[in-house]
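Novice: The structure follows.
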Amino acid sequence: MERRLAAILFTDVVGYSTLMERDEAAARRVRTRHESLVREQITRYDGQWIEEKGDESLSVFPSALQAVGCALAIQTELARDAGFQVRIGIHLGDVTLEDGRVYGDGVNVAARIYPLAEPGEIAVSGPVHDSIKNQPGVEVVCKGEQTLKNIAAPVVVWSVTGALGPPETSARASAAASRPGFRTATALAVAVVLIGLLVLWNSRPQVGSTPIRSVAVLPLHDLSTDEVGGYLSFGMTEALITELAKLGDLRVISRTSVTPYETTELSIRQIAAELGVDGIIEGSVLRSGERVRVTAQLIDARTDTHIWAESYDRDVGDVLALQAELARAIAHEVQVEVSPAPPVGAGSTRPISPAAYEAYLKGYYFQMKRTREDTRRAVRYFLKVIELEPDHPLGYSGLADEYSCAPTHSWSLVSSELWPSVPREMIARARSNAQRALELDPASGPAHNSIALVHLFGNWDWSAAEAEFLKSLELSPGRAWAHSTYAYLLAFQRRFDEAIVHLERARALDPLRVETMMDMAALQVWIGNRDEAYRFWKEAEEIMPGYAGLHQAVITGFCGTERHAEALAVLEGASATYPEDPPIIGEIAYCHAVAGDAPRARELLAELDGLAATLYVSPVSRAMIYVGLGDHDRAFEELKRGIRGRDFLLPYIGVDGTWDPLRADPRFSELLDHIGLPQA
């Protein structure tokens, strides 16, 4: 017995009973002709003939597009033969195949749809419509919402006309089924396309003389109608990107840079040109119950030709094991040399329950948003994963990544029972979760990166941090975040040329990620190249206007300069977006202080004192204000307090020009020695 998603096609000869009463011999000829024609087209479109009952036939197909292509071919052939007409109904749903028979709700729905078709018409359900609506040569017209016998929920039915390409391209065309609204996020799709590709390897079409060396995985289009929605497609897209990035010399663009193309009207060539890649991978995912169907295709964007396309059905719990397999199949198709051994850093492929994996995808989805409430949600979902699968690394890795990333964004905003406001506790949680993730999966690049951040910001153990960063990069060389975070260690050690190399690598992998642009801007500020820093700042602002993170580690470099007013305006805008955020308030106060507005700076300093009752207020933020006010003794008192509390912001003092007024003081050299940072 086999259970899977399938496109179910029913045909019915119009007026057969009447003809049978009038001319039985003629009716038998029509029936024979009907069966012959339908069987022929089903074979051409990779379908499976199930049964015939009188003037009706039932067949199933791997994809909706193949079923629709078959139906259109049948109607086209019949249009040349005026002897009889056929009604056709198609639905996409769960079926069970056993002993050559097919069962399930999907069959019941399809059986209720075909009687709604007019003579010579093709009627399809909503899931079929969503799969083929933007296919060139196909026209769809809504027949309205229909109540079907013995089917609880009403079904929207569509009429399909037109023509599709030859059947040998139908599978490839099915992957592009719904562009341009086609780009929603998922990486499980990655998983599914692999097995069949391995079968096709010996007979695949030759790619061309110039191999593909860089690809972008567009957000997979989610055709699911259940509540999981975009979480599944989001996670599947990310997983495919992650797995492909581990292979050979293939450069894979990160998720944040492909997300803007989710609803774009741009052509494949235009998208590839903007991202600077040779190939594009696009596809769709459809979940029905505990089954997932993924369809994907690889396009050589230089010639706008399809290299391959396939679709597969799997259980939701199988997807992790399939991700690496799919990535290697794609690597073969783009002619990347990959050794027969498993890819380095393939990580755990142990099974995970559908409920736990869904919780992980939701946690990751909210983690990427970086807002106050979304951060809380991410932590809750990762804890849910651990509750459901205490011996699986995914939940621990997600929590470790979340806690260890705290120094790189306004983490103090989310102080709660789930998110401690004391740096030492934050570091302890990051360390324990990362270590548990590594116990369960020693090949987890993200977990090694989390440990590196613990050493960097929590322990100030520079050699241990560098060893973990390098291990993370070895396991996850295509992860832009790993390059960006390693660049911070290099910059703090004043190894600026090396830091630039890794930030440029991060930009190549994730060209539209504004955080990477701001990291580059910060580095240019620290080097003293403010004009170049300003260019990166404005480039990031063009991509994401009003992004609150544009202030981090950059804008204070322009306070007191000719761009002071612009910097202060950005900080005020960030404060409006994130009110009562101590780091932003401290930066605004500093800007007022260096501009000579001491009263306003002291007002904001008092505001920070009030917030300290409920939120963690960094002593380094307070010290920065005192530097602006010229009170160096109070600044040193706050910095020493930060040392005792292992404040996350202390490593920045070695490179940030904000602290230049203190550098000649022997007390500042003592601070750098204590943290382990080189003298300027």
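The values are calculated or read from the model by the stated rules, or taken from the named source; none is laboratory data. Computed from a predicted structure; not experimentally measured. Cβ atoms come from the backbone with ideal geometry, glycine included; neighbour counts cover every protein chain shown. Side chains are part of the model used for accessible areas, which takes the heavy atoms of the whole protein and leaves out ligands, DNA and RNA. Shrake-Rupley method; radii C 1.70, N 1.55, O 1.52, S 1.80 Å.
Novice: In this structure, is ARG302 modelled with pLDDT of 80 or more, part of a helix (DSSP H, G or I) and open to solvent by 30 Å² or more (accessible area, probe 1.4 Å)?
Specialist: For ARG302, the condition - modelled with pLDDT of 80 or more, part of a helix (DSSP H, G or I) and open to solvent by 30 Å² or more (accessible area, probe 1.4 Å) - is not met.
Novice: Let me ask something else about it. Return only the number of the condition from (1) modelled with pLDDT under 85; (2) part of a helix (DSSP H, G or I); (3) open to solvent by 30 Å² or more (accessible area, probe 1.4 Å); (4) over 30 Å from ASP249 (Cβ atoms) that GLU566 does not satisfy.
Specialist: (1)
Novice: From (1) modelled with pLDDT under 90; (2) under 19 Å from SER404 (Cα atoms); (3) among the β-branched types (Val, Ile, Thr), pick out the condition that doesn't hold for THR485.
Specialist: (1)
Novice: So is PHE469 crowded, with 24+ Cβ neighbours inside 10 Å, among the aromatic types (Phe, Trp, Tyr) and more than 28 Å from TYR590 (Cβ to Cβ) or not?
Specialist: yes
Novice: If you don't mind, there's one more thing I want to ask. Among the residues of the stretch 86-95, is there at least one that is in contact (Cβ under 8 Å) with a residue 60 or more places away in the chain and out of contact with any strand residue (DSSP E or B) (no Cβ under 7 Å at 6 or more places or on another chain)?
Specialist: no
Novice: Please go through the stretch 117-130 and pick out each residue that is open to solvent by 10 Å² or more (accessible area, probe 1.4 Å), in contact with a Gly (Cβ under 9 Å, 6 or more places away or on another chain) and more than 17 Å from ASP55 (Cβ to Cβ).
Specialist: PRO127
Novice: When you check GLN66 against the structure, is it touching a strand residue (DSSP E or B) at 6+ places or on another chain (Cβ under 9 Å), polar (S, T, N, Q) and closer than 28 Å to MET20 by Cβ, yes or no?
Specialist: No.
Novice: So which residues in the stretch 525-548 are over 21 Å from SER257 (Cβ atoms) and without any contact (Cβ under 8 Å) to a residue 60 or more places away in the chain, if there are any at all?
Specialist: Within the stretch 525-548, ILE527, ASN529, ARG530, ASP531, GLU532, ALA533, TYR534 qualify.
Novice: I'd like to check which helices (runs of 4 or more DSSP H) are fully inside the stretch 1-116 and have at least 3 residues that are open to solvent by less than 10 Å² (accessible area, probe 1.4 Å).
Specialist: Helices (runs of 4 or more DSSP H) meeting the threshold: 24-44, 64-79, 105-113.
Novice: For the stretch 491-507, what are the residues that are more than 18 Å from PHE457 (Cα to Cα) and of a type in the set (Gly, Ala, Ser)?
Specialist: Passing the criteria: only ALA506.
Novice: Now for a different question. All but one of (1) open to solvent by 40 Å² or more (accessible area, probe 1.4 Å); (2) at pLDDT 90 or above hold for PRO477; state the number of the condition that does not hold.
Specialist: (2)
Novice: Are there any helices (runs of 4 or more DSSP H) wholly within the stretch 576-680 with 1 or more residues that are surrounded by fewer than 16 Cβ atoms within 10 Å (Cβ to Cβ) and modelled with pLDDT of 90 or more, and if so which?
Specialist: 598-611, 632-645, 666-675
Novice: Does ARG251 fit the bill of being open to solvent by 30 Å² or more (accessible area, probe 1.4 Å), more than 28 Å from LEU503 (Cβ to Cβ), modelled with pLDDT of 75 or more and among the basic types (Lys, Arg)?
Specialist: No: the conditions fail for ARG251.
Novice: Specify which of the listed residues (LYS133, LYS149) is of a type in the set (D, E, K, R), in contact with a helix residue (DSSP H, G or I) (Cβ under 9 Å, 6 or more places away or on another chain) and open to solvent by 70 Å² or more (accessible area, probe 1.4 Å).
Specialist: Being of a type in the set (D, E, K, R), in contact with a helix residue (DSSP H, G or I) (Cβ under 9 Å, 6 or more places away or on another chain) and open to solvent by 70 Å² or more (accessible area, probe 1.4 Å) holds for just one of LYS133, LYS149, which is LYS149.
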